[in-house]
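Q: Before I ask anything, here is the structure I am working with.
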Amino acid sequence: MGIAKQLHQLQETDLEIESSERALARITAQLADDKALRNTHEKLELEQKRLGELRKKQHSAEGDIEDISAKLAAGNESLFSGRIRNPKELSSLQQEVEAFKVRRSQLEEKALAIIDEVEQAEASVTRLTGELAALRTEWQQRHQELSAEMDNVKSALADLKSQREMVVTGIPPQAINLYQELRKGKVTAVVRVEQGICRGCRISLPVTELQRVKSGDLVRCGSCGRILFLA
């Protein structure tokens, strides 16, 4: 096998290795990308915290209503007991009772508004809990698929690297050095010659250069500098 053909084989192997490494990097990034799961979890935690605060407000408002209701009941009892006969005291008590009624009405409106917020927060928590459960199930399945894919890519990559080592052992070091130098600046270091044309720069080769390629010599294109390979 000519050196150019060996280098071409090496290049094909290197391209497959690079493709596998890109696939491995992509899979690794996807395995680390649980943004949707984290975002939903954070939203749920915030909504649960808000619900807890609203329930405390609801409990506090209900306590205030109980207190004012007790004061109102006591005021009404005193008002209608007949024990108070002084007109001034009776008038003052009536005003106090009316104030209690107004205050209780205000507190009840506030409590109803809080109850509405509690119900909305409860619905939101229920919805986000369902979304999070669905996302976790989906992510676990996706994680298993990606892990299996990663194992396959790693196995294929190991085989390719072993194959590369075998190919390299049969190529002279000077040719390897030239190939690696060309690969630094170009995607392809070794290009085919088809119908007397370099497929790297698409320029026709001089007859003498073409004859050297046919003879199996290591020849570089006089135009683009790539190593020429005749299949």
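The values are calculated or read from the model by the stated rules, or taken from the named source; none is laboratory data. Remember, predicted model here, so these are calculated numbers, not experimental data. When we count neighbours, we look across all protein chains shown, and the Cβ atoms used for this are built from the backbone with ideal geometry, even at glycine.
Q: Listed residues 131, 119; which is exposed (fewer than 14 other Cβ atoms within 10 Å of the Cβ), outside the structural domain of residue 20 (by TED's automatic domain parsing) and in a helix (DSSP H, G or I)?
A: 119
Q: Output yes when any residue across segment 85-97 is assigned by TED's automatic domain parsing to the domain that holds residue 155, in contact with an Asp or Glu (Cβ under 6 Å, 6 or more places away or on another chain) and surrounded by 12 or more Cβ atoms within 10 Å (Cβ to Cβ), and no when none is.
A: Taking every residue of segment 85-97 in turn, none turns out to be assigned by TED's automatic domain parsing to the domain that holds residue 155, in contact with an Asp or Glu (Cβ under 6 Å, 6 or more places away or on another chain) and surrounded by 12 or more Cβ atoms within 10 Å (Cβ to Cβ).
Q: Of the conditions (1) closer than 20 Å to residue 2 by Cβ; (2) modelled with pLDDT under 95, residue 187 clears all except one; give me its number.
A: Failed condition: (1).
Q: From 40, 28, grab the single residue that is more than 23 Å from residue 189 (Cβ to Cβ), in contact (Cβ under 8 Å) with a residue 40 or more places away in the chain, surrounded by 14 or more Cβ atoms within 10 Å (Cβ to Cβ) and among the β-branched types (Val, Ile, Thr).
A: 40
Q: Restricting segment 84-142 to residues that are acidic (Asp, Glu) and more than 42 Å from the chain's Cα centre (by Cα), which is farthest from residue 49 (Cα to Cα)?
A: 89
Q: When segment 167-191 is examined, which residues are found to be out of contact with any helix residue (DSSP H, G or I) (no Cβ under 8 Å at 6 or more places or on another chain) and surrounded by fewer than 17 Cβ atoms within 10 Å (Cβ to Cβ)?
A: 169, 173, 174, 177, 180, 181, 184, 185, 186, 187 - these are the residues of segment 167-191 that are out of contact with any helix residue (DSSP H, G or I) (no Cβ under 8 Å at 6 or more places or on another chain) and surrounded by fewer than 17 Cβ atoms within 10 Å (Cβ to Cβ).
Q: Looking at segment 143-167, which of the residues that are charged (D, E, K, R) and without any contact (Cβ under 8 Å) to a residue 12 or more places away in the chain is farthest from residue 38 (Cα to Cα)?
A: 165
Q: So the check is Cβ under 6 Å with 6+ separation or different chains; which pairs have a first residue in segment 178-202 that's in the same structural domain as residue 221 (by TED's automatic domain parsing) and free of Cβ contacts under 8 Å to residues at least 40 places away in the same chain and a second one that's surrounded by 12 or more Cβ atoms within 10 Å (Cβ to Cβ) and of a type in the set (S, T, N, Q)?
A: That search, which allows pairs on different chains as well, returns 196/204; 197/204; 201/223.
Q: Just checking, does segment 60-81 include any residue being out of contact with any strand residue (DSSP E or B) (no Cβ under 7 Å at 6 or more places or on another chain), more than 30 Å from residue 182 (Cα to Cα), of a type in the set (D, E, K, R) and not in a helix (DSSP H, G or I)?
A: For segment 60-81, residues out of contact with any strand residue (DSSP E or B) (no Cβ under 7 Å at 6 or more places or on another chain), more than 30 Å from residue 182 (Cα to Cα), of a type in the set (D, E, K, R) and not in a helix (DSSP H, G or I): absent.
Q: Filter segment 43-79 for residues that are more than 18 Å from residue 98 (Cβ to Cβ) and of a type in the set (Gly, Ala, Ser); which is surrounded by the most Cβ atoms within 10 Å (Cβ to Cβ)?
A: If we take residues in segment 43-79 being more than 18 Å from residue 98 (Cβ to Cβ) and of a type in the set (Gly, Ala, Ser), then 61 is surrounded by the most Cβ atoms within 10 Å (Cβ to Cβ).
Q: Consider segment 204-219. How many of its residues are surrounded by 13 or more Cβ atoms within 10 Å (Cβ to Cβ) and either part of a loop (DSSP other than H, G, I, E, B) or touching a helix residue (DSSP H, G or I) at 6+ places or on another chain (Cβ under 8 Å) (or both)?
A: Total meeting the criteria: 6.
Q: Could I ask something else about it? Of the residues 103, 22, only one is loosely packed, with under 13 Cβ neighbours inside 10 Å and basic (Lys, Arg); which?
A: So the residue among 103, 22 that is loosely packed, with under 13 Cβ neighbours inside 10 Å and basic (Lys, Arg) is 22.
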